[in-house]
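Derivation of every value follows stated rules applied to the coordinates shown; laboratory data play no part. Owing to the predicted nature of the structure, the values given are computational and were not obtained by experimental measurement. Cβ atoms come from the backbone with ideal geometry, glycine included; neighbour counts cover every protein chain shown.
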Amino acid sequence: MSKQHEHVDFSQFPNAEGHFGPYGGRFVSETLIFALDELAENYQRLSQDPEFRAEFDRDLAYYVGRPSPLYHAERWSREVGGAQIYLKREDLNHTGAHKVNNTIGQALLAKYMGKKRVIAETGAGQHGVASATVAARLGMECQVFMGEEDIRRQALNVYRMKLLGAEVISVKSGSRTLKDAMNEAMRDWVTNVDDTFYIIGTAAGPHPYPMLVRDFQSVIGREAREQHLEQTGKLPDALVACVGGGSNAIGLFHPFLDDESVAMYGVEAGGHGVATGEHAAPLSDGTPGVLHGNRTYLMQDEAGQIIHTHSVSAGLDYPGVGPEHSWLKDIGRVNYVAINDDEALDAFRKLTLVEGIMPALESSHAIAYAEKLAATMRPDQSIVVNLSGRGDKDIHTVAGIDGIGID
Amino acid sequence: MSRLAKVFEQLAERGAKALVPYIVAGDPAPKHTVSLMHALVDSGADIIELGVPFSDPMAEGPTIQLAHERALEHHVSLSQVLDMVAEFRQTNADTPVVLMGYTNPVEHMGYSHFAERAKQAGVDGLLTVDMPPEEAGETSRLLRDAGMDNIFLLAPTSSDQRVAKVAALASGYLYCVSLKGVTGAGHLDIDSVREQMQRIRQHSDLPVTVGFGIKDGESASAIAPLCEGVVVGSALVDRLAKWDNAADTDKQIAEAVSLIADIRKAIDAVADA
């Protein structure tokens, strides 16, 4: 690993303008600047407010069900024959993924700021469901923007959101997927900026979103660090997490950044293979640019147009990535790698059979890489893998690949 | 003196207001753009805002989003847009052309390279919707050094402090966004624009154009007395959306730009009154 990061004080990032080195920032139209200022000021105040923090912690404990267990996957570790693999069980959270840690936090911000309406973008529907869930609980109006193409692919989550009282708005522009849903949510926010809170689902977007999403998700890494120390008496040797926008990964990584001995691996969606160009791996095969309010690595063509991405996992199917990951890549603190669709599907089946745990297809990318990595390590070493979500939502997709129709 | 400054000075002498149409370069097809630009000038346009197509035009309403998509079907790149401006300049040396678009295509070309090529092509200014002053320092400097203007948006939500900050970096003119919303929205509020204009005048002597929601002679002549120019985008682009490739091109261009001639008449009538 590169040694360039040795003297970095990670707590100083982002800076006041929201920059992580050259990445991040605020690339939005003027109308939204006041709303971002308002959010940043409120977040700064509330994140120090004992009442707000207590309410967030209470909700995580009694509503989400935290702490989530750190589970030693002994049988799988034995089969691999290398390092001991521990799973951080974010799949056991209420609503089935890590997403809810962030939506609880942002909805609380909305409540303290007196906003009556929340909006969200969603790809696979997990963030939409998590947003609709917290909105239902707080009695807020909720509208979720979702690409027409994703609505077709994720009918179950669309119905879940409707049952939760949210309105799902079909986005028919551009590629009709997650990036276009985010464009449309931004357009709605510009129009209804006075009374609306935009709950962004990943650690991307204009400042302060990458910072506050990271902070809300960092509960994952804080717990995992403590649990690993408690169970083994030492820190893990490596961390592995999948990276779409990168919120579960930054949540796991951030509390360990100062622990020099801990290696980190962010796993992108390699789709049909990075070499084919049909993937969603901007850190592996993209270049820096500006999209959705921040500067970061992107999938783009030679004219700077954002290109279509591909992944079997809808939650990773995004052409950008959170700006902090771009920076952590450049300074060499985190290694970013890619896992193809086929490898992720194999891992999905493997973990289900060997441990009785069905991972989300997103998390299956991390599982697949962890298996490769573990095989190169010694049995007295350990890896923590973020099992960011459960696979129930993907059964339909996997059955389809198997040629089995499920209605 | 820059072309923009000259145009605003001449208009002020005549007591007239700038008419600023917006089209997306390459919409409905690249071969029509330069002819359309000339036709707009012939119909009374003082400045042309030429949209640079982008895959993710976050600040646009449905009408202009579709225009970006139509242009991208023809793979119109920033480089080609600059070529179009150069072609326009072969027969028009006076009408300012401002490129309006999003950060990424410019960033991808490289700001320094862009400034050089844009200057050569005869571009007068750049308005990057998603690049507020905080992120624009280096770009503004490069544009200024190349003799071009950096144009910024001001919104109904811009505080006094923001207006002062934007005004300090802006040149050419300020673009006042008339409403909270996307382009082509229908809820133009004259009183709110009047209030915004008062705030802007306290901090800047630059000419101010108002855009978003101006769609015909009536809305344009209500706004024009408050500012130095009106921008007409979606209403014009909407006419291009109905383009029929089988029909006579000249006739279709004439039909599309007749809106600009109507608005010209309406705002001149108010100025004379």
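Assorted remarks:
- Selected from B:Val24, B:Val76, B:Val231 as most flexible by GNM, with chain B as the system and alpha-carbon contacts under 10 Å: B:Val76
- Per residue, the convex hull spanned by the Cα atoms of the range A:294-407 measures out at 148 cubic angstrom.
- Residue by residue along A:186-196, Cβ atoms of other protein chains within 10 Å of the local Cβ number 4 on average.
- Considering only alpha-carbon pairs that sit under 8 angstrom and 6 or more positions apart, the relative contact order computed for chain A is 21 percent.
- Over the range A:161-250, relative contact order from alpha-carbon pairs under 8 Å, at least 6 apart, %: 21 percent
- Residue among B:His108, A:Pro69, B:Val41 farthest towards the positive dipole end of the protein assembly as shown, charges placed on Cβ: A:Pro69
- Considering only alpha-carbon pairs that sit under 8 angstrom and 6 or more positions apart, the relative contact order computed for the range A:258-297 is 24 percent.
- Estimated dipole of chain A in Debye, rounded to 20 [Cβ of Lys and Arg +1, of Asp and Glu -1, Cα centre]: 620 debye
- Packing-based exposure ordering (other Cβ within 10 Å, fewest first) of A:Leu257, A:Leu229, B:Leu236: A:Leu229, A:Leu257, B:Leu236
- Residue pairs exceeding 30 angstrom between C-alpha atoms, taken from A:Lys234/A:Lys329; B:Lys31/B:Lys119; A:Lys115/B:Lys17; A:Lys116/B:Lys242: A:Lys115/B:Lys17; A:Lys116/B:Lys242.
- Candidate lysines - alpha carbon under 21 Å from A:Lys111, same-chain residues fewer than 8 apart omitted: A:Lys99
- Cross-link partners of A:Lys162 among aspartates and glutamates (Cα-Cα below 18 Å; sequence separation of 8 or more within a chain): A:Glu121, A:Glu141, A:Glu148, A:Glu149, A:Asp150
- Entry note, chain A: the mean residue ellipticity at 222 nm calculated from DSSP H runs of n ≥ 4, each adding -39500 (n - 2.57), is -12500 deg cm²/dmol after division by the residues and rounding to the nearest 500.
- Prolate/oblate/rounded label for chain A (Cα gyration tensor, a/c 1.5): rounded
- Sorted by Cβ neighbour density within 10 Å, fewest at the top, the residues A:Ser284, B:Ser192, A:Ser311: B:Ser192, A:Ser284, A:Ser311
- Debye intensity ratio I(q)/I(0), log10, the protein assembly as shown, q values 0.05, 0.12 Å⁻¹ (C-alpha model): -0.25, -1.22
- Prolate/oblate/rounded label for the range A:36-192 (Cα gyration tensor, a/c 1.5): oblate
- Approximating the spin labels as points 7 Å out from Cα along Cα→Cβ, the A:Ser170-to-A:Arg152 distance works out to 1.0 nm.
- Extended-chain gain in nm, criterion 0.36 nm per residue less alpha-carbon gap, A:Gln48 and A:Arg378: 114.6 nm
- Segment A:Val8-A:Asp258, extension gain: residue separation times 0.36 nm, minus the distance between their alpha carbons: 89.1 nm
- Mean-square fluctuations from a GNM of chain A, with a 10 angstrom spring cutoff on Cα atoms, peak among A:Ser364, A:Ser388, A:Ser11 at A:Ser11.
- Whole-Hz couplings from phi, Karplus 6.51/-1.76/1.60, listed for the range A:323-331; x for Gly and Pro: x, 5, 5, 4, 5, 4, 5, 4, 7
- Applied to the range A:221-229, the Karplus parametrisation 6.51 cos²θ - 1.76 cosθ + 1.60 on θ = phi - 60° returns per-residue 3J(HN,Hα) values of x, 4, 5, 4, 5, 5, 5, 5, 4 Hz, with x for Gly and Pro.
- For A:Gln84, residues with placed amide H under 5 Å, excluding near neighbours: A:Gln381, A:Ser382, A:Ile383
- Three-way shape label, the range A:347-407, alpha-carbon gyration tensor, a/c 1.5: prolate
- Amide H contacts under 5 Å for A:Glu141: A:Val118, restricted to partners 5 or more places along the chain or on a different chain, H placed in the peptide plane at 1.01 Å from N.
- Peptide-level mean, for A:23-29, of C-beta atoms on other protein chains within 10 Å: 6
- Sequentially through the range B:42-48, phi angles give Karplus couplings (6.51, -1.76, 1.60; θ = phi - 60°) of 4, 8, x, 6, 9, 9, 10 Hz, Gly and Pro residues having no value and appearing as x.
- Taking amide H positions as modeled 1.01 Å from N, with prolines and chain starts lacking one, the residues under 5 Å from A:Leu291 and 5 or more places away or on another chain are A:Thr296.
- Label-to-label distance for A:Gln231 and B:Asp205 is 7.0 nm, based on points extended 7 Å past Cα in the beta-carbon direction.
- Bridges between two residues of the range A:260-407, per DSSP, are antiparallel at a rate of about 55%.
- Summarising the label geometry, the points placed 7 Å from Cα in the beta-carbon direction at B:Glu116 and B:Lys31 lie 3.3 nm from one another.
- Segment A:Glu38-A:Leu138, length gained on full extension (0.36 nm per residue, minus Cα span): 33.9 nm
- The local environment of A:Val262, defined by Cβ-Cβ distances under 12 Å, has a net charge of -1 under the rule Lys, Arg +1 and Asp, Glu -1.
- Shown for B:His74, B:His108, A:His279: other C-beta atoms within 10 Å of each C-beta, ranked fewest to most, produce the order B:His74, B:His108, A:His279.
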